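Q: Below is one structure. I have some questions about it.
The values are calculated or read from the model by the stated rules, or taken from the named source; none is laboratory data. Because the structure is a prediction, the values reported are computed rather than measured. Methodologically, a virtual Cβ is constructed for each residue, glycine included, from the backbone with ideal geometry; neighbour enumeration extends over all protein chains shown. Keep in mind that these areas ignore ligands, DNA and RNA; they rest on the heavy atoms of the full protein, side chains included. Shrake-Rupley method; radii C 1.70, N 1.55, O 1.52, S 1.80 Å.
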Amino acid sequence: MYKTTIGLEIHAELNTFTKIFCRCLNGGDAEPNANVCPTCLGMPGALPVVSRAAIEKTIMAGLAFGCTINDLAVFERKNYFYPDLPKGYQTTQNDFPICLGGGITLSNGKVIRLNRIHLEEDAGKLLHDEVRGETLIDYNRGGTPLIEIVTEADISSAEEAIEFLEEVRSRLVFSGVSNARMEEGELRFDVNISLSKTKKLGNRIEMKNLNSFKTVARAIEFEIKRQAALLDNDREIVVETRKWNDTKEISTSMRSKEDSADYRYFPDPDQYPIKITRADVAAVKKNLPKLAHELRAYFIKLGLSDYDAEILTREKCLAEFFMDCCADKRITIAPTEIAKWILGDILSRAVNFEILVTPHQLMSVVCLVNSGKITRKNAPALLDAIWSTEKDAAAEAKNLGLLGGVSEDDLVKIIMGIIAANPQAVEDYATKPDKALTFLMGQVMKQTQGKADVVKAREFILQGLG
């Protein structure tokens, strides 16, 4: 049995409006090499000016992870040659990062400590055309503000790594620091793994630029098996950087592992040291939104089950949608009822949590149902009609001929009259409840010409029967 030790380096692009050292737009769907300038292309004589927004978002990230914010941060040059890095060095932070410490507690109570969070610039993007045998470079991403979250070597399994990474992504998104869309390269992972027969750490293997949770899990599990097989045969584990092939689900050697001396770090002479005051930190902290775990606790206080609260906080857009619905002053139903609508009618239509109706539209449908103007049975058809449109729910209900339901007050009166007129059914309810309830429901639908809400009719009949 071998001891597995895992450390992670998480790279998250910040969602600032501009790049870190110039005024070029950050992100977007621009044509290749459209959002570039002499500064982010590393032209001689172009001088960088650091983005205040990037500094503030890095501080925000640090607060979200419980880090200590340094009073002084220094940008340094990390020297290495690669085609997507036109300057020949990356502007980053080594000795004086913005954030130190912090951590995340897993569900098993284990704390995964952070070593640091530092701010740096992203490189360009290589586009490999295997058909033509060419590699093209898009520098639009070059200069994008990037934070690197470095953990201590506290992780022992793929399961722990994935739980940790899921919480990292959640905190980045809920804090508003990063959109963290892995499919677009906004969140990428480097994994360091070592196996050992003793308490002493074994030789470390690094796998770079993994871009999904599933890929991380597969890579870790493969590497654990590969290293264990080597140790079983008394073979040495070579310190190296390996590349993961997700199609073949194997890792292959990429290059020998660099260490800090290889990069020849030195302070960037074009950058002033950054002084961060306690007032600066307090101002950022004041604007820190509630994180997912805080919202879960709040939703549970509202009466939601642990499960419903967990689902509603899986994505920031879903949690915000729920809160906006609860804030609608036109309706007074309990938050638990609003949650049922969202977890049922909305999530069944949303693809990848993309909700294509507004909270106002949904609550308009709920108002129509609760006022008896449409039946609950007809609500899905109305939602389908207004989905991905700006249509008014009431107007569309009229256009579709869905109006004409029975109000709750009228429904209660009708049901009480039916119960009073059918004492035999009331008596039969004690011995044959299903048969009696079916008969009474039939009478309700007959008198309302099928316009009564079935769920509410059943509920009011049961209340009337005591």
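Q: Of these, F213, F222, which one is within 30 Å of K316 (Cβ to Cβ) and either among the aromatic types (F, W, Y) or touching a His at 6+ places or on another chain (Cβ under 8 Å) (or both)?
A: F213
Q: Restricting the search to the range 379-395, which residues are outside any helix (DSSP H, G or I) and either among the hydrophobic types (A, V, I, L, M, F, W, C) or in contact with a Pro (Cβ under 8 Å, 6 or more places away or on another chain) (or both)?
A: Listed by number, the list holds a single entry, W387.
Q: I would also like to ask the following. With the requirement that a residue be more than 22 Å from T18 (Cα to Cα) and touching a helix residue (DSSP H, G or I) at 6+ places or on another chain (Cβ under 7 Å), what does the range 172-195 give you?
A: Result: F189, V191, I193, L195.
Q: Of the conditions (1) under 30 Å from E159 (Cβ atoms); (2) out of contact with any Phe, Trp or Tyr (no Cβ under 9 Å at 6 or more places or on another chain); (3) in contact (Cβ under 8 Å) with a residue 40 or more places away in the chain, K87 fails just one. Which one is it?
A: Only one criterion in (1) under 30 Å from E159 (Cβ atoms); (2) out of contact with any Phe, Trp or Tyr (no Cβ under 9 Å at 6 or more places or on another chain); (3) in contact (Cβ under 8 Å) with a residue 40 or more places away in the chain is unmet by K87, namely (1).
Q: Just to be sure before I move on: is L63 within 16 Å of V177 (Cα to Cα), at pLDDT 95 or above and not in a helix (DSSP H, G or I) in the structure I sent?
A: No: the conditions fail for L63.
Q: Under the condition of being within 30 Å of A381 (Cβ to Cβ) and of a type in the set (V, I, T), which residue from the range 415-451 is surrounded by the fewest Cβ atoms within 10 Å (Cβ to Cβ)?
A: T438
Q: Could you say which residue among K214, K208 is loosely packed, with under 13 Cβ neighbours inside 10 Å and not β-branched (V, I, T)?
A: K214
Q: Restricting the range 110-155 to residues that are assigned to a strand (DSSP E or B) and of a type in the set (D, E), which is most open to solvent (accessible area, probe 1.4 Å)?
A: Checked the range 110-155; the qualifying residue most open to solvent (accessible area, probe 1.4 Å) is E134.
Q: Restricting the range 382-395 to residues that are surrounded by 15 or more Cβ atoms within 10 Å (Cβ to Cβ), modelled with pLDDT of 95 or more and more than 28 Å from the chain's Cα centre (by Cα), which is farthest from A339 (Cα to Cα)?
A: This residue is K391.
Q: Further question on the same structure: Is there any pair with a first residue in the range 98-116 that is touching a residue at least 12 places away in the same chain (Cβ under 8 Å) and a second that is surrounded by fewer than 16 Cβ atoms within 10 Å (Cβ to Cβ) and among the hydroxyl-bearing types (S, T, Y) whose Cβ atoms are under 6 Å apart and which are 6 or more apart or on different chains, and what are they?
A: As it stands, the answer is L100/T68; G101/T68; V111/T105, since those pairs meet every condition given.
Q: Hey, does the range 183-198 have a residue that's in a helix (DSSP H, G or I), more than 19 Å from the chain's Cα centre (by Cα) and over 28 Å from Y2 (Cβ atoms)?
A: Taking every residue of the range 183-198 in turn, none turns out to be in a helix (DSSP H, G or I), more than 19 Å from the chain's Cα centre (by Cα) and over 28 Å from Y2 (Cβ atoms).
Q: Then there is this: Is it the case that the range 80-94 has a residue that's crowded, with 22+ Cβ neighbours inside 10 Å, at pLDDT 95 or above and in a loop (DSSP other than H, G, I, E, B)?
A: Within the range 80-94 (the criterion being crowded, with 22+ Cβ neighbours inside 10 Å, at pLDDT 95 or above and in a loop (DSSP other than H, G, I, E, B)), the answer is yes, since at least one residue qualifies.
Q: Answer with yes or no whether L63 is more than 27 Å from I276 (Cα to Cα) and in contact (Cβ under 8 Å) with a residue 40 or more places away in the chain.
A: no
Q: Going through the range 437-461 one residue at a time, which ones are farther than 16 Å from I374 by Cβ and touching a residue at least 12 places away in the same chain (Cβ under 8 Å)?
A: L437, F439, L440, M441, Q443, V444, Q447, R458, F460, I461
Q: Given the condition open to solvent by 50 Å² or more (accessible area, probe 1.4 Å), touching a Gly at 6+ places or on another chain (Cβ under 8 Å) and of a type in the set (S, T, Y), answer yes or no: does some residue in the range 99-106 qualify?
A: For the range 99-106, residues open to solvent by 50 Å² or more (accessible area, probe 1.4 Å), touching a Gly at 6+ places or on another chain (Cβ under 8 Å) and of a type in the set (S, T, Y): absent.
Q: Could you list, in sequence order, all residues of the range 396-414 that are under 23 Å from I342 (Cβ atoms), open to solvent by less than 50 Å² (accessible area, probe 1.4 Å) and part of a helix (DSSP H, G or I)?
A: Across the range 396-414, the qualifying residues are E396, A397.
Q: What is the number of the single condition among (1) surrounded by 20 or more Cβ atoms within 10 Å (Cβ to Cβ); (2) free of Cβ contacts under 8 Å to residues at least 60 places away in the same chain that V369 does not meet?
A: (2)
Q: Of the residues that sit in the range 156-167 and are out of contact with any Ser or Thr (no Cβ under 6 Å at 6 or more places or on another chain) and either open to solvent by 40 Å² or more (accessible area, probe 1.4 Å) or part of a loop (DSSP other than H, G, I, E, B) (or both), which one is farthest from D29 (Cα to Cα)?
A: Ranking the qualifying residues of the range 156-167, first place goes to S157.
Q: Would you be able to say whether some residue in the range 16-29 is surrounded by 16 or more Cβ atoms within 10 Å (Cβ to Cβ), within 19 Å of E186 (Cβ to Cβ), in contact with a Leu (Cβ under 7 Å, 6 or more places away or on another chain) and at pLDDT 95 or above?
A: Yes.
Q: Quick check: is even one residue across the range 217-232 part of a loop (DSSP other than H, G, I, E, B) and in contact (Cβ under 8 Å) with a residue 24 or more places away in the chain?
A: no
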